[in-house]
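Everything on this sheet refers to the single structure shown next.
The numbers here are math on the coordinates, done by the rules we state, and not lab data. As the structure is a computational prediction, the values presented were derived from the model and not from experiment. Every residue, glycine as well, gets a Cβ built from its backbone with ideal geometry; the counts of neighbours run over all protein chains shown.
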Amino acid sequence: MQEKCLCEANEILIFSCAGSSNVGQIANQAAITLAQGGVGRYFCLAGIGGHVSGMIESTRAGKMLIAIDGCSVSCGKKTLEHAGFDIDEHLQVTELGVEKNHDLNFKPSDVRKVADHLSSQISKRRAAPSPRPPVG
Amino acid sequence: MERAKDAVKQLGVEAEVIKVQDIKTITNYGVLITPALVVDGVVKVAGKVPKLEEIKGWIK
């Protein structure tokens, strides 16, 4: 019998880059939208970069790691990988056709587009084989 | 908690084992998933109960 991913929403950890551009801020707001919608838990990427032991160990306990980056520089993905984590789902906001600029007054519709896309991807993964063995 | 006490006892080290339930104190360690074990200010594990031998390795 094939093992299924039984990830609960609180075991799906969402990290976003929050970079100093429209797409960085869209990434962060999309992560908040997903968390507030009960899709997963919003986690602290800065804590990973800072090697805060509590953040690192809490992340190790997650079953599915989601990284949302604004652009192709992929700081969020690289930060997680540098700390030794494998990312299950990664998205760059620019991949969805949003052009990067430094106007921080982003469009709410772009946030919705990112959140909807990831919500759909996460739903598919929750029905897919488990990405990593259970903790414990 | 009991396993941590057992580890301390078996190693014969002098240590104080405290159970923390205050959410502010927990999050100040950056812990977002419980249970967790902190040794000398460093979070060693979160989200699961560690094995006795693991705990002994952290406090030696």
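A few remarks follow.
- Seen against the Cα atoms of chain A and their longest principal axis, helix A:108-126 is set at about 20 degrees.
- Of A:LYS63/B:LYS51; A:LYS124/B:LYS51; A:LYS63/A:LYS113, those spanning more than 22 Å from alpha-carbon to alpha-carbon: A:LYS124/B:LYS51; A:LYS63/A:LYS113
- Gyration tensor verdict on the stretch A:20-111 (Cα atoms; rounded if a/c is under 1.5, prolate if a/b is larger than b/c, oblate otherwise): prolate
- Stokes-Einstein D in µm²/s, Kirkwood radius over Cα pairs - chain B at 10 °C with 1.306 mPa s viscosity: 134
- Computed from Cα positions, the angle between helix B:2-11 and the longest principal axis of chain B comes to roughly 40 degrees.
- Each Lys and Arg adds +1 at its Cβ and each Asp and Glu adds -1 at its Cβ; summed about the Cα centre, the stretch A:9-125 shows a dipole of about 140 debye.
- Taken over the protein assembly as shown, the convex hull of the Cα atoms encloses 129 Å³ per residue.
- Dividing the summed -39500 (n - 2.57) terms of all DSSP H runs of n ≥ 4 by the residue count of the protein assembly as shown sets its mean residue ellipticity at 222 nm at -12000 deg cm²/dmol.
- Each part reduced to its alpha carbon centroid, chain B and the stretch A:86-119 end up 39 Å apart.
- Between 0 and 90 degrees, the angle of helix A:22-36 with respect to the longest Cα principal axis of chain A falls at about 40 degrees.
- Counts of other chain beta carbons within 10 angstrom of each beta carbon in peptide B:38-45 average 3.
- The relative contact order of chain A, computed from alpha carbon pairs under 8 Å that lie at least 6 residues apart in sequence, is 35 percent.
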